[in-house]
1. Answer yes or no: is there a residue in the range 128-147 that is surrounded by fewer than 23 Cβ atoms within 10 Å (Cβ to Cβ), farther than 21 Å from residue 66 by Cα and at pLDDT 95 or above.
2. Given (1) modelled with pLDDT of 95 or more; (2) more than 16 Å from ligand 2 (Cβ to nearest atom); (3) out of contact with any helix residue (DSSP H, G or I) (no Cβ under 6 Å at 6 or more places or on another chain), identify the lone condition not met by residue 237.
3. Out of 21, 76, report the one residue that is away from ligand 1 (no atom under 16 Å from the Cβ) and farther than 25 Å from residue 252 by Cα.
4. Could you say which residue among 381, 329, 346, 351 is under 19 Å from residue 157 (Cβ atoms) and touching a residue at least 12 places away in the same chain (Cβ under 8 Å)?
5. From (1) more than 16 Å from ligand 2 (Cβ to nearest atom); (2) in contact (Cβ under 8 Å) with a residue 40 or more places away in the chain; (3) in a helix (DSSP H, G or I), pick out the condition that doesn't hold for residue 231.
6. Picking from 193, 230, which residue would you name as being farther than 27 Å from residue 123 by Cα and crowded, with 21+ Cβ neighbours inside 10 Å?
7. The conditions are (1) at pLDDT below 95; (2) more than 28 Å from residue 360 (Cα to Cα), and residue 40 fails exactly one of them. Which is it?
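The values are calculated or read from the model by the stated rules, or taken from the named source; none is laboratory data. Owing to the predicted nature of the structure, the values given are computational and were not obtained by experimental measurement. Every residue, glycine among them, receives a Cβ derived from its backbone with ideal geometry; neighbour counts consider all protein chains shown.
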Ligand SMILES: Cc1ncc(COP(=O)(O)O)c(C=O)c1O
Ligand SMILES: [Zn+2]
């Protein structure tokens, strides 16, 4: 199969170069181009991968490479909905994925392509979740994996990658520079680095968007009530993938109005939110990033400009929340709704709260589990004590 890539800035087509999937003219991430063929949802198909087969780049889904990702619940958040006056508040619980984050949705597609393209080794660079995800799926596929993690990544996240047999290297130095370096190493050693804005990963992220569409039904997107989808944003790959799902749905006439996406960042590292507010392009590097939401602390996001372009196309917006707001939201989701997410995911609730009362659907995409970042919880808010047995 000939896989074509396209630059979303200039529309030029390029052959696939796994080791640098960016436009040589613009530097934007290249995206999969499916050609002119008529694409449709296969209504009678059983699994989501079969239903949306025309929108995915693999030859076919191989159950032997899957760990059971996807199919995550869309949960009503009754208590928080009443409290913030948004009755349609829902959470897409991406923590339910096999390695505890949404990354698995992109990894299964990229890993399947790695096998289809004949790679023996894969790699990634990560603030933690993509490390564990890539290592786990590489183990399942029987491929070697090389993982570069940001210095300061939690022990839980490092262990969760290394246990799968990955070679894990903690890297001191500039994270955006590591992004580029990893592709050079990939080219020299024939390792497929499936990084944050990898074109196959992005196609995998679309599947969560298709699931949200299937769960809410076409009438939710007829333009009468707004649908907002809140997404934590770092490199931008996840947001780009989710928006692309609704572009696909619009293109085939399944929806009339795409949801208004709200990309959310921590104010301590908000390069895309800052550019959005100021109307700046291109997105510039954010100086001295500082936030407890480590999973979304990329100061120079490689998908930033494309994320902004896509957001504007769906009349979306960017929001930035403070550390206090996101920590409060994390505790509220856990104590009010039973959902222990990481600080990066909690930014979504903090952003929804800022909107005030409203009547549409508001979907919070909870991208990662709190169990991998327990050290970052605001422990002052926890009711944990010690007593002797005879003094209870
Ligand atoms: C929990 C969590 N949420 C959100 C993101 C952001 O995704 P992206 O880098 O595709 O914008 C990440 C990325 O590492 C993550 O781990
Ligand atoms: Zn271009």
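1. For the range 128-147, residues surrounded by fewer than 23 Cβ atoms within 10 Å (Cβ to Cβ), farther than 21 Å from residue 66 by Cα and at pLDDT 95 or above: absent.
2. Status for residue 237: all satisfied but (3).
3. The conditions single out 76.
4. Sole residue among the options that is under 19 Å from residue 157 (Cβ atoms) and touching a residue at least 12 places away in the same chain (Cβ under 8 Å): 346.
5. Of (1) more than 16 Å from ligand 2 (Cβ to nearest atom); (2) in contact (Cβ under 8 Å) with a residue 40 or more places away in the chain; (3) in a helix (DSSP H, G or I), only one is false for residue 231: (3).
6. 230
7. Condition (2) is where residue 40 drops out.
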